[in-house]
Amino acid sequence: EGGESPLVNFAKVWQDLPDSSRELWASKNLQYARRYFSAARGGRWSVFPLTMDASFSKSWEDMFGVTDAEEAERLATGQGFEVSWPYGRGNLMELVNVMPASRPHTETGEAVWSNHLAVLHYMSRPLNYAATFHRHSSPSWRA
């Protein structure tokens with residue numbers, strides 16, 4: 001309840017792409033770079049002047065469920081992320097990982113569209129913010 005997971009057949013999404021697009025996506029990987037602020041060091045606004053990015057939505061403490069920066073880094077590295085601390089350990093955590101655009105379904109082996117391209121693209125943020133605002137300002141939310 002309350003989740004926003006897409007309900008779509010991602011094998012069909014992959015199949016519905018034009019052949020040329022599938023070939024292009026299959027020949028390349030996607031690199032994701034995400035940044036997480038520190039809740040203990042002033043939250044999202046503590047890094048805003050450094051990054052000019054007000055879109056931070058989660059702290060690294062929340063992301064990994066720990067308050068120790070070294071432990072968070074160990075957990076992130078264990079999950080395959082490249083970790084950096086551009087403004088000093090414990091402040092802003094940057095995670096980078098590379099993944100394919102598609103992968104085989106765990107049961108059928110069929111290729112499925114499997115990435116966060118639309119979710120993490122900067123142009124998706126205004127739509128997400130608008131949907132969240134609309135949802136939270138509707139009378140049913142306040143009831």
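Among residues of the range 58-93 being open to solvent by less than 40 Å² (accessible area, probe 1.4 Å) and in contact (Cβ under 8 Å) with a residue 40 or more places away in the chain, the one that is nearest to the chain's Cα centre (by Cα) is MET93. Of note, LEU50 does not satisfy the criterion of being modelled with pLDDT of 85 or more, on the phi < 0 side of the Ramachandran plot and open to solvent by 80 Å² or more (accessible area, probe 1.4 Å). Residues that are loosely packed, with under 11 Cβ neighbours inside 10 Å and modelled with pLDDT of 75 or more within the range 1-11 comprise LEU7, VAL8, listed in sequence order. For the range 97-109, the set of residues classified as in contact (Cβ under 8 Å) with a residue 40 or more places away in the chain and surrounded by 13 or more Cβ atoms within 10 Å (Cβ to Cβ) consists of ASN97, MET99, PRO100, ALA101, SER102, HIS105, listed by residue number.
Apart from one condition, GLU94 fits all of (1) modelled with pLDDT of 90 or more; (2) assigned to a loop (DSSP other than H, G, I, E, B); (3) of a type outside the set (Lys, Arg); the exception is (2).
Of all residue pairs spaced 6 or more apart or on separate chains, those with beta-carbon atoms under 6 Å, a first member in the range 15-30 that is touching a residue at least 60 places away in the same chain (Cβ under 8 Å) and a second member that is outside any helix (DSSP H, G or I) are TRP25/ALA101; ASN29/VAL98; ASN29/PRO100; LEU30/MET99; LEU30/ALA101; LEU30/ASN115.
The values are calculated or read from the model by the stated rules, or taken from the named source; none is laboratory data. No experiment lies behind these values; they were computed from the predicted model shown. Because the Cβ atoms are built from the backbone with ideal geometry, glycine has one as well, and the counts that use them run over all protein chains shown. For accessibility, only protein heavy atoms count, side chains too; no ligands or nucleic acids. Shrake-Rupley method; radii C 1.70, N 1.55, O 1.52, S 1.80 Å.
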